[in-house]
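K.L.:
Quick one: the structure is below, and I'll ask about it shortly.
The values are calculated or read from the model by the stated rules, or taken from the named source; none is laboratory data. On a predicted model such as this, the values are computed, not experimentally measured, just so you know. Note that each Cβ is placed from the backbone with ideal geometry, even for glycine, and that neighbours are counted across all protein chains shown.
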C-alpha cells in the first residue's frame, strides 16, 4: 500500500507538471509558439534552456528547470522570473542570495510602464513603419527623462540599404533586448531624427511589472532572437513580453501572421490596456511652431533652436558654431523663460488611425477590379493616425475583369512616397520608390505583365497644412515582357498636387515619360476620397493614359 501511494504521488506530480507545461504562463515565459508538429521557442540562444531539447519541448524544459533550480540554486540568479513562476505553482527551492539581480532591481523603482510609439522615419528603411518600445516609469513628476527604456532591435552593425532589407526579411540578424536611459531614446528619435513620440501608460498590475523586469533580466543576458522584419520584430516582441509578464493578457492569439508597430498600439487599445497618451513633439515641430516669433528674445530663442537642429545633423560650419556659442552666452544673461509657443497634438496618433490592411473593390467603365494590401497607408487614405501626405504600401495585389477575361493587374512589393516639405532648415529631398510587376498603362498592352522599378527625387512645398505640391525628376525601368524585350528605361517628370479637408482628400498626379519606345507618353490621374469611418472609405478616380480614359468608383475596407 505504501509503495502504491508513493507511485501514485509520482504519477500525479508528473501529470501536474505536464499540464502546467502546456499552460499559457509557462509557454509565454519560454516564448513557445505552436507549430504543426508541436512547439518551438522563439528564443534562439542555447543559454536560455536547461534541457538539450528545451527549444522544442515545454515539458522537458519544465522538468529540467525544476531540477536545475533545485540542484544548483545559483541558477535562480540567472532566471528569477522562472523561479517566481514555479514557486507560484507550489515548488520550493533552496534559498540563495543574488546581489547582482537584487541591486539591479532596487535601482529600478518602477511605478508603471508605458508603451512608446516613435512615428515613421522614411529616410531609414528600418523605421519606415515607426518603432515601439517600453518605458519604465519611475516615481516623481518632471523626472521622466531619467526613466529607462526597454528596446528590442536587430544587431546590424554597419549594414544598411539592400543588405539590411534582405537580411531583415529572411532572418539574417540577431535581435536583442536592451535597457537604456530614456533621455537617450528621446535624443535619438525626438531630436536627431525629428520623430514625434507618443507615450501611452499601460494598465498593468504591480505583480505583472515585477514579473516583466525579472524576465527582462533573464532574456537580456541568456539569449537572442532571430530578427525578422515582418514578424519577430520590435512590435511582436513587445507583445510577447507583456504576455510573459501577465499570461491572462492575450495579445498575439488573434494577430496577423505579421505585426508592424502601428499594429502594436492598436492591439493594446483593443484590449483596453492603454491610458490617454502624452505627446512629445520633435525638435523640428517645435521649430516650426516658432515661425511667428516677433520680439527680439523670441527670435533669439528661435535662432538657438535652429542652430541646435543643424548641429544634430552636423551641418553647422565653424562660423555658425561660433555664432551659436555667442548667442548662447547672450541668451544666458536673460533669465526670462524660453519662448515656447503651444504645439497642438500632431495628427499622427496611431491608436486613432484606420486599419493597416485593406481590401478594395472597383467598378469601372468596362471593368471590375479587386485589390488587397497588407500594409499600410497611401496618399489618399485618411491621414489621421499617420504622417500627413505620406505613403507606404507593402505587398499590394489586384486582379481585374474585362469582358470575359480575368487577369492579374498589379503585384507591388513596395510603393513609398516621402514628401518632405522645405521648412527653412535644410534641403531634404522628397522621393518615391515603387517595385512591382504590372501591366503598364503606357504600353497599351493587355497581355504585357513585366517587372518595373520607378524612382524619383524632388522637392515639396506646403502652402498650408492642407495643400501640398511636389515635383519630381525620375526614371522608370521595365524588365522583359511579351511586347518589349530586354530592359527598357525612361526618364520621367512627375508632379503631385493634393488638398485635404476633414475626411476628404483630392489628388492630381501628372507624369510625362520619355525614352521607352514612344515619342510621347502623358499619364494623368485625378482622385477624390471620402473616409466614412476608420474602416470604410469611398474613392472616385478618372485617369488618362496613352489616349485612353478610365473612370471608376472604389469601395475600401480597412482592417
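K.L.:
Looking at (1) part of a helix (DSSP H, G or I); (2) touching a residue at least 24 places away in the same chain (Cβ under 8 Å); (3) surrounded by fewer than 16 Cβ atoms within 10 Å (Cβ to Cβ), which one does residue 67 not meet, given that it meets all the others?
P.N.:
Among (1) part of a helix (DSSP H, G or I); (2) touching a residue at least 24 places away in the same chain (Cβ under 8 Å); (3) surrounded by fewer than 16 Cβ atoms within 10 Å (Cβ to Cβ), the lone unmet condition for residue 67 is (2).
K.L.:
Go through 507, 523 for me and flag whichever is crowded, with 17+ Cβ neighbours inside 10 Å, assigned by TED's automatic domain parsing to the domain that holds residue 402, modelled with pLDDT under 90 and in a strand (DSSP E or B).
P.N.:
523
K.L.:
In addition: Mind checking which residues of segment 380-404 are outside any loop (DSSP other than H, G, I, E, B) and at pLDDT below 90?
P.N.:
390, 402
K.L.:
I've got another one for you. Which of (1) over 30 Å from residue 69 (Cα atoms); (2) modelled with pLDDT of 90 or more; (3) not in a strand (DSSP E or B) is the odd one out, the single condition residue 255 does not satisfy?
P.N.:
(2)
K.L.:
Of the numbered conditions (1) surrounded by fewer than 14 Cβ atoms within 10 Å (Cβ to Cβ); (2) at pLDDT 90 or above, residue 471 fails exactly one; give the number of that condition.
P.N.:
(1)
K.L.:
Check residue 269 against each of (1) at pLDDT 90 or above; (2) under 17 Å from the mean Cα position of the chain (by Cα); (3) crowded, with 20+ Cβ neighbours inside 10 Å and name the one condition it does not meet.
P.N.:
Going through (1) at pLDDT 90 or above; (2) under 17 Å from the mean Cα position of the chain (by Cα); (3) crowded, with 20+ Cβ neighbours inside 10 Å one by one, residue 269 breaks only (3).
K.L.:
Scanning for something within 20 Å of residue 211 (Cα to Cα), crowded, with 17+ Cβ neighbours inside 10 Å, touching a strand residue (DSSP E or B) at 6+ places or on another chain (Cβ under 6 Å) and not assigned by TED's automatic domain parsing to the domain that holds residue 385, does segment 74-86 turn up at least one residue?
P.N.:
For segment 74-86, residues within 20 Å of residue 211 (Cα to Cα), crowded, with 17+ Cβ neighbours inside 10 Å, touching a strand residue (DSSP E or B) at 6+ places or on another chain (Cβ under 6 Å) and not assigned by TED's automatic domain parsing to the domain that holds residue 385: absent.
Every residue, every condition in (1) in contact (Cβ under 8 Å) with a residue 12 or more places away in the chain; (2) assigned to a strand (DSSP E or B); (3) over 21 Å from residue 275 (Cα atoms); (4) more than 15 Å from the chain's Cα centre (by Cα), yes or no:
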{"site": "177", "(1), (2), (3), (4)": "yes, yes, yes, yes"}
{"site": "183", "(1), (2), (3), (4)": "yes, no, yes, yes"}
{"site": "189", "(1), (2), (3), (4)": "yes, no, yes, no"}
{"site": "198", "(1), (2), (3), (4)": "yes, yes, no, no"}
{"site": "204", "(1), (2), (3), (4)": "yes, no, no, yes"}
{"site": "216", "(1), (2), (3), (4)": "yes, no, yes, yes"}
{"site": "221", "(1), (2), (3), (4)": "yes, no, yes, yes"}
{"site": "238", "(1), (2), (3), (4)": "yes, no, no, no"}
{"site": "247", "(1), (2), (3), (4)": "yes, no, no, yes"}
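K.L.:
Can you find a residue that is surrounded by fewer than 15 Cβ atoms within 10 Å (Cβ to Cβ) and modelled with pLDDT of 90 or more anywhere in segment 159-179?
P.N.:
There is at least one residue in segment 159-179 that is surrounded by fewer than 15 Cβ atoms within 10 Å (Cβ to Cβ) and modelled with pLDDT of 90 or more.
Residue-by-condition table, conditions (1) closer than 24 Å to residue 145 by Cα; (2) surrounded by fewer than 18 Cβ atoms within 10 Å (Cβ to Cβ):
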{"site": "219", "(1), (2)": "no, no"}
{"site": "224", "(1), (2)": "no, no"}
{"site": "229", "(1), (2)": "no, no"}
{"site": "238", "(1), (2)": "yes, no"}
{"site": "287", "(1), (2)": "yes, no"}
{"site": "298", "(1), (2)": "no, yes"}
{"site": "301", "(1), (2)": "yes, no"}
{"site": "305", "(1), (2)": "yes, no"}
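K.L.:
In segment 536-555, what residues are over 16 Å from residue 362 (Cα atoms) and loosely packed, with under 13 Cβ neighbours inside 10 Å?
P.N.:
Correct list: 547, 548.
K.L.:
Right, something else. If you check residue 59 against the conditions, is it crowded, with 18+ Cβ neighbours inside 10 Å, farther than 19 Å from residue 241 by Cβ, at pLDDT 95 or above and outside the structural domain of residue 224 (by TED's automatic domain parsing)?
P.N.:
Yes; evaluated as a whole, the condition is true for this residue.
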